[in-house]
Amino acid sequence: MIRAFARAAFYVAWVVAVVAAVNYFAFWRPFVAELRDREQPEKFDIGGVGEADPELIRLVGGFATKRKSSFINFETAKPAGTERVCAFGDSYTYGDEVKSRQDFPSQLQRLYREAGLPVEVLNFGSSWHGFHQTFLIWQRLAPRYACDVVLLGPHSFWPDRDTEFNHTDMISPYFVHARFVIEGGGLRLIEVLGADYRERFDEYWSFIPRWRYLRYDRNPPAFLLAPIPSGRSVANPFYYRSDSPEEEAKETWRLLLRDMVAAEKSIVMSQLQGEMVDFAKSLGADGLRVMSAWQEHRFPYAAPKGHFSAFANHVIAQQFFAALVPGSERVVPLLVSRSPDPLPAGDPLPLARKLSEYSVMAVEIEGREIGWFATAAPHFSRRGNGSRAGVHQTNVKSFVAITQPGESLMDAAYVQIRHPLSASSELRLRVGSGADAPVHSLGSIAPTHPNLQIGRIELSALHFAMKEELVLTSDAPAPFRRDVPLTLLVDDEPVLESSGAADDGRVVFRPVGGWVRQITTAKVPSLDVEKLPQRGVYTLRLEHPEDGPSRLPLAIWSKVRVELPGV
C-alpha cells in the first residue's frame, strides 16, 4: 500500500514537473522576454520628483509632473495671505492630451487670477493613478504644501487600479505600485518588491510568484498568464477575497476617505461616475462636498484618446470655481452642433480625389485649427491616434459617416472604406455567412459635398458607443436582432461585423481590418468660447499639393448656456 502510494505520488510529481518545465520554456520565458522590452523606463533607478522622495515614487509606481500647474513648480512654503487649492486624481486631473496650462488646475488658477483672488492651485494628479495612489500622495506629500482645500476628481476611482499591483493590462509591465488590502476591519499597505524598476519587474513577473502577489493581486500570476491566448483572461485562484473587485475597492475607498475627511477642513469631490457620487454622498461625512462632474462627449469636448479637451477642462475648472467661490456664475456657454440648418457652399473641390491623397484633413473654427479625424478606441492607451494628415498615403479611399437622424457630422462614426464612393453606393446588411446569406439594403449613401469622398447615411437604431463600437439597439428592424453573424457592407466591401445579438437585444459591430474614426479636438491653443460669436461653421480644411487648400463646411455650431451641476 505504501509502495503504491509512493509510486502515485512520484507520478504526480513527475507530471507536475513536466508541465511546469513545458510552461517555463515554451510559454513563460518568451512571455516575459516580450514584456521586458515593452515600455521600458528611460532609466531603471528610482529617483525623487521634487519634494516627492524616491520612497513615495516606489509606492505609487511613477509620477507625471510636466504640467506648469504641477506641485514641483511651487515652493513648499505658502506665500503669506494666500490660500492653496490642491487637486488630486488621475490623468483627467493631470491633463493628458492637452497642452500645458490647458489642464483644469491651470484653468482654475486663471479663473482665480481673473477674479483677483489670492489663491494658488497645485496639481498633484498623475496619469494612471488609482485612489490608493492618490491617497498616498495626499498623505505623504501634500502636507508639505499646506493645502487649504482638496479637490478630488473628476475621475479618481477605478476598481482595477486599486485591486491589482499592475493594472495596465500588461501595456506597461514596469508600472508596479503598492495597494491597500482589507484586514481585520482596517487596511494594510502592501508594498512592492525591488529597489529599482528592473528588480520590481523581475519580482512581479517571476515564474515562482512571490507570496504577496499571489495572495493580494487580482491579476493571476505570470505562470498562469503566459499560456493564455491573447484577449482572454483568468481570475487569480489564490486571491484572498471572493467578492467582486468593485465591492472590495469600495470598502477600501470608504476607509481611506474616512481618514482623509477626518484630516482635512474642506474636500470637494467631482466625479463623472454617478454611482461614485451616490457612494460618496452615502458616507455622510462633514467636510466632504460631492457633485456630479459635468461631461460632454460631443465635439469639441473630447480628446483623441478619450480624455477631456482644453474646452472641456475649462468647463470643469468653471464647475470647481463655482463650488469654491460663493456667488460665482454656474451658467456657462457650450458649443453644440446639432442644428439641421442648411450649410454654406464652401470652396468647390476641383477633382474627386481619394482621401488618401490629401496631406491635410483638419477641422477649423473661425479660421483656427481645432481638430482632426482620430481612430477611436475604448482603451485610450492602445489607440486613439490621429493627426492633421488624416489618412494620407493609406489604403483608405473614402469615409462613410453614420449618424442618427439630425445628428451633426461632428459626432458621426466615420467608417473607413478602401474603394471610392459612387452615386449608387449604399449600406447593406448581410445576415449570416456564405454565398447564400440574404443581404438587405439599409439605404443610399448621400454625398456630403460634390467631389468629396465622404458620404453620409442616417440610421435611427445605430449609435456610436464605447468609442470603437457601433451598437444596434432594441428598436432596430427584426433582421438586426437575429442571433447569427451580421456584416455591414458598403457596396460589396465588408466594413463592420458582429457575431450576433446579445441577451439584451443589442448588436455590437466592430470594424473589419481597421478602426472607426471620429472627429476629436487636437492639442491647440486655448480658445475663449465667451469671445466667439453666437453662431458659426465648423469647416474641413483639405490640402493637396496640386489643388492647394480647400475649405468645406461640416456643421453649424451655436452657443447655448447651461447650468453646471453643483455640490
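The values are calculated or read from the model by the stated rules, or taken from the named source; none is laboratory data. Here the structure is a predicted model, which is why all the values come from computation and not from measurement. Methodologically, a virtual Cβ is constructed for each residue, glycine included, from the backbone with ideal geometry; neighbour enumeration extends over all protein chains shown.
Looking at region 59-79, which of its residues are in contact (Cβ under 8 Å) with a residue 40 or more places away in the chain and in a helix (DSSP H, G or I)?
Result: LEU59, VAL60, PHE71.
For region 243-340, please list each of the strands (runs of 3 or more DSSP E) lying entirely inside it that holds at least 1 residues being in contact with a Gly (Cβ under 9 Å, 6 or more places away or on another chain) and under 26 Å from TRP128 (Cβ atoms). Lay out the reasoning, then the answer.
Details: elements: 267-271, 288-292, 331-336.
Those strands (runs of 3 or more DSSP E) span 267-271, 288-292.
Give ALA52, ALA64 a once-over and let me know the one that is of a type outside the set (Ser, Thr, Tyr), in contact with a Ser or Thr (Cβ under 9 Å, 6 or more places away or on another chain) and surrounded by fewer than 19 Cβ atoms within 10 Å (Cβ to Cβ).
Details: ALA52 fails: surrounded by fewer than 19 Cβ atoms within 10 Å (Cβ to Cβ).
Of the residues listed, the single one that is of a type outside the set (Ser, Thr, Tyr), in contact with a Ser or Thr (Cβ under 9 Å, 6 or more places away or on another chain) and surrounded by fewer than 19 Cβ atoms within 10 Å (Cβ to Cβ) is ALA64.
Using the structure shown, decide if ARG3 is of a type in the set (Lys, Arg) and assigned by TED's automatic domain parsing to the domain that holds ASP169. Step through it out loud before you land on a result.
Details: of a type in the set (Lys, Arg): yes; assigned by TED's automatic domain parsing to the domain that holds ASP169: no.
Answer is no for this residue.
Could you please give the count of residues in region 10-19 that are modelled with pLDDT under 70 and under 51 Å from the mean Cα position of the chain (by Cα)?
Of the residues in that region, 2 qualify.
Quick grid of which residues meet (1) without any contact (Cβ under 8 Å) to a residue 24 or more places away in the chain; (2) under 25 Å from ALA226 (Cβ atoms); (3) touching a strand residue (DSSP E or B) at 6+ places or on another chain (Cβ under 6 Å); (4) surrounded by fewer than 22 Cβ atoms within 10 Å (Cβ to Cβ):
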position: THR163; (1), (2), (3), (4): no, yes, no, no
position: SER172; (1), (2), (3), (4): no, yes, no, yes
position: GLU183; (1), (2), (3), (4): yes, no, no, yes
position: ARG188; (1), (2), (3), (4): yes, no, yes, yes
position: LEU193; (1), (2), (3), (4): yes, yes, no, yes
position: ASP196; (1), (2), (3), (4): no, yes, no, yes
position: ASP202; (1), (2), (3), (4): yes, yes, no, yes
position: ILE208; (1), (2), (3), (4): yes, yes, no, yes
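Of the residues that make up region 150-167, is at least one of a type in the set (Lys, Arg) and over 22 Å from ALA280 (Cβ atoms)? First the steps, then the outcome.
Going residue by residue through region 150-167, those that are of a type in the set (Lys, Arg) are 161.
Then keep just the ones that are over 22 Å from ALA280 (Cβ atoms); that gives none.
The answer is no; no qualifying residue exists.
Could you look through region 500-537, keep only residues that are touching a helix residue (DSSP H, G or I) at 6+ places or on another chain (Cβ under 6 Å) and part of a strand (DSSP E or B), and pick out the one that is modelled with the lowest pLDDT?
VAL507
In this structure, is LEU224 surrounded by 12 or more Cβ atoms within 10 Å (Cβ to Cβ) and more than 30 Å from ALA21 (Cα to Cα)?
So LEU224 fails the test.
Can you tell me which residue among VAL490, VAL516 is surrounded by 20 or more Cβ atoms within 10 Å (Cβ to Cβ), touching an Asp or Glu at 6+ places or on another chain (Cβ under 6 Å) and within 30 Å of ASP341 (Cβ to Cβ)?
One residue alone meets the criteria, VAL516.
Taking region 16-42, which residues are outside any helix (DSSP H, G or I) and touching a residue at least 40 places away in the same chain (Cβ under 8 Å)?
ARG38, GLU39, GLN40, PRO41
Pairs only if they're at least six apart or on different chains, beta carbon under 7 angstrom, first in region 232-258 and free of Cβ contacts under 8 Å to residues at least 24 places away in the same chain, second among the aliphatic types (A, V, I, L, M); list them, first residue then second.
Once the first residue is free of Cβ contacts under 8 Å to residues at least 24 places away in the same chain and sits in region 232-258, its partners that are among the aliphatic types (A, V, I, L, M) give VAL234/LEU224; VAL234/ILE228.
What residue, among those in region 84-104 that are more than 15 Å from GLN133 (Cβ to Cβ) and among the β-branched types (Val, Ile, Thr), is surrounded by the most Cβ atoms within 10 Å (Cβ to Cβ)?
Ranking the candidates gives VAL98 first.
Given the conditions (1) loosely packed, with under 15 Cβ neighbours inside 10 Å; (2) not in a strand (DSSP E or B), and given that VAL560 satisfies all but one, which numbered condition is not satisfied?
It fails just one condition, (2).
Scan region 412-437 for residues that are farther than 15 Å from PRO494 by Cβ, out of contact with any Phe, Trp or Tyr (no Cβ under 6 Å at 6 or more places or on another chain), of a type outside the set (A, V, I, L, M, F, W, C) and modelled with pLDDT of 90 or more and report the count.
Total satisfying the criteria: 3.
So which residues in region 398-439 are surrounded by 13 or more Cβ atoms within 10 Å (Cβ to Cβ), hydroxyl-bearing (Ser, Thr, Tyr) and farther than 13 Å from GLN453 by Cβ?
If the condition is that a residue be surrounded by 13 or more Cβ atoms within 10 Å (Cβ to Cβ), hydroxyl-bearing (Ser, Thr, Tyr) and farther than 13 Å from GLN453 by Cβ, then THR403, SER408 are the ones that fit.
Listed here are the residues, each with its yes/no results for (1) among the aromatic types (Phe, Trp, Tyr); (2) closer than 30 Å to LEU224 by Cβ.
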{"site": "LEU56", "(1), (2)": "no, no"}
{"site": "LEU59", "(1), (2)": "no, yes"}
{"site": "VAL85", "(1), (2)": "no, no"}
{"site": "GLU97", "(1), (2)": "no, no"}
{"site": "GLN107", "(1), (2)": "no, no"}
{"site": "TRP138", "(1), (2)": "yes, no"}
